[in-house]
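See below for the structure under consideration.
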Amino acid sequence: MTDSSESQRSSEIGTKTMRGVSLMVMRTLILYPIGLVGEISLARLLTPEDFGVYALASFVTVTLAGVLEVGLAASLIQRKAEPRDEEYQVLFSLQILGITALVLFTFFLAPYLFPLLDLDAGIRWKLLVLLFCPWISSFATMSSVKLERELRYAVFAKIDILRGLTYVATAVPLAYLGCKSWSFVGAITVSTIVKAWVAFREAPWPVRFRLRLKGMRHTLHFGIIFQLSTLTSLFRDHIAVILGGPLFGAQSVGYLNWAKNTTYYSSQIFAQVVSRVAFPSISRVQNDRQAAARMTELLLKYVNIFTLPIIMIFAALIPEFVAVVYTNKWSPAIPAFYAYSVRMIGSNFTTLIIGVLSALGMVKQSLRILIWWTLLDWLLALALTPYFGFTGIALAYAASVVPISIWLVVELNRTIKIKLMSSFYQPFIFGALAGVVTFLIKPFFLPSWASVIGLTLAGLIIFVALLLLAERKVIFGECRTFLAIVLKRQDNVPSY
């Protein structure tokens, strides 16, 4: 491929990436209030123990099985050549076999696992229902691969919106009717069915059981390494369940799960959307390092612009939010919330950069870092829980993410160079100033729905004003580019 054709291809992919980011951000702006209202409603209707029971049940079903799905799918998304139907069928067959073995193993292990976690045996029936979700989801995995390879982000936006609406529309009424942790089980099952149905309808493929592995050595090699990376994330991100459950019980797991979910809606809901766009897009331009660097820098910048002010302002107002919005039964989780907020700031780097490294084919480097990160999380959690109880797990997350974020940036800069002034330092400083001002003026207002909403809006206005003062022309220019791409008025992106 000539330099001019390579440049043109990178420009076309850059256009699709920007359109994808714009669509996925718009999708997030629709889902954000829906998800937030759902989480608030569930937090008011259910108890911390209900949250904890569901976290434990879903960990041994949906989460574990999801590891198999992610690794095999990534191996087909990252590769340059278009996969054959036979390859989709082989990886689907391997996924079904792996999930089936995992499901049966988990179900029969349940009677021995529950006493260890100090859980009632009745949770086994919740586990049994959730076991159907990985099977249902497996039929949509290969369709999702086809959609991601074609960069059809509009379809993903539609799937996510329908899935989010279905989840909230199922969980909240069930919680209101007194179904407790069954509310989560019913919601995740129905939303999984919706996701699988829409994905397969948009990107059908010839479903067939096939186990001929000839010619798939490279694909399986990449998939296995990526799978190991995902497995490290599994045991790192679920220390609350694996360690907190046996040590502190379901209620403490519920507190940690609430703190994690609440900070997720202030940060990672955007970061994961952008990372989802980055992996397939940068995979398509992995030979053009300049385009990959520019794409990464721009994505990181807007992740931080969208998330950092929300994290800072939310942290400044979390006692008032708990008292007014969530109710005081969640007060013991406030220290964990602060720790998870630090984790989420670092996760803006880790989520995106790990995806970029994988897209560039550097899965061994990212796996090495992820292994060390998992070990660091566990060592810190074991060291801190004797002194801080279940909050020690959240503190471990906060402490470990700083050195790992720095390591990932250094590793990425060995391949592609990214500038951090406008993509991180500036949004961080402006977000911190907005948070500090919000914290200083809140004592002048009595806690109420009106005051927490008004103070939140005031903090966001301060952040936007500071950002526009610093780089008004750049922001307006990039916003015009985003809108032009979404409305399909622009055929390429000059900055790539």
Could you tell me which residue of region 158-167 is modelled with the lowest pLDDT, considering only residues that are surrounded by fewer than 21 Cβ atoms within 10 Å (Cβ to Cβ) and among the aliphatic types (A, V, I, L, M)?
Ile161
Report the residue count in region 443-457 for those that are within 11 Å of Phe321 (Cβ to Cβ) and in a helix (DSSP H, G or I).
6
Check on Ile282, farther than 18 Å from Ala394 by Cβ and either outside any helix (DSSP H, G or I) or not acidic (Asp, Glu) (or both):
yes
Test Ser331 against the criterion of being part of a helix (DSSP H, G or I), at pLDDT 85 or above, surrounded by fewer than 21 Cβ atoms within 10 Å (Cβ to Cβ) and among the small types (Gly, Ala, Ser), and give yes or no.
yes
Considering (1) aromatic (Phe, Trp, Tyr); (2) within 24 Å of the chain's Cα centre (by Cα); (3) modelled with pLDDT under 90, say which one Phe114 fails and leave the rest.
(2)
Are there any pairs, at least 6 apart or on different chains, whose C-beta atoms fall under 7 Å, with the first in region 242-255 and among the charged types (D, E, K, R) and the second in a helix (DSSP H, G or I), and if so, which?
none
Across (1) surrounded by fewer than 20 Cβ atoms within 10 Å (Cβ to Cβ); (2) over 21 Å from the mean Cα position of the chain (by Cα); (3) part of a helix (DSSP H, G or I); (4) touching a residue at least 12 places away in the same chain (Cβ under 8 Å), Pro386 clears everything bar (4)
Give me a count of the residues in region 414-455 that are surrounded by 12 or more Cβ atoms within 10 Å (Cβ to Cβ) and either among the β-branched types (Val, Ile, Thr) or under 29 Å from the mean Cα position of the chain (by Cα) (or both).
29
Within region 300-314, track down each residue that is touching a Leu at 6+ places or on another chain (Cβ under 9 Å) and surrounded by fewer than 24 Cβ atoms within 10 Å (Cβ to Cβ).
Ile305
Under 7 Å between Cβ atoms, at least 6 apart or on separate chains: pull out the pairs that start in region 169-184 with a residue that is more than 14 Å from Lys126 (Cβ to Cβ) and surrounded by 15 or more Cβ atoms within 10 Å (Cβ to Cβ) and end on any residue that is modelled with pLDDT of 90 or more and of a type in the set (Val, Ile, Thr).
Thr170/Val190
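Quick one: is Leu460 within 26 Å of the chain's Cα centre (by Cα), surrounded by fewer than 17 Cβ atoms within 10 Å (Cβ to Cβ) and not polar (S, T, N, Q)? Please lay out each step first, then the result.
Numbers: within 26 Å of the chain's Cα centre (by Cα): yes; surrounded by fewer than 17 Cβ atoms within 10 Å (Cβ to Cβ): yes; not polar (S, T, N, Q): yes.
Yes; evaluated as a whole, the condition is true for this residue.
Quick grid of which residues meet (1) under 24 Å from Tyr32 (Cα atoms); (2) among the small types (Gly, Ala, Ser); (3) not in a helix (DSSP H, G or I):
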{"position": "Trp125", "(1), (2), (3)": "no, no, no"}
{"position": "Trp135", "(1), (2), (3)": "no, no, no"}
{"position": "Phe139", "(1), (2), (3)": "no, no, no"}
{"position": "Ser144", "(1), (2), (3)": "yes, yes, no"}
{"position": "Phe156", "(1), (2), (3)": "yes, no, no"}
{"position": "Leu162", "(1), (2), (3)": "yes, no, no"}
{"position": "Val168", "(1), (2), (3)": "yes, no, no"}
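The values are calculated or read from the model by the stated rules, or taken from the named source; none is laboratory data. Source: prediction; values computed, not measured. Here the Cβ is made from the backbone with ideal geometry for all residues, glycine too, and neighbour counts use every protein chain on show.
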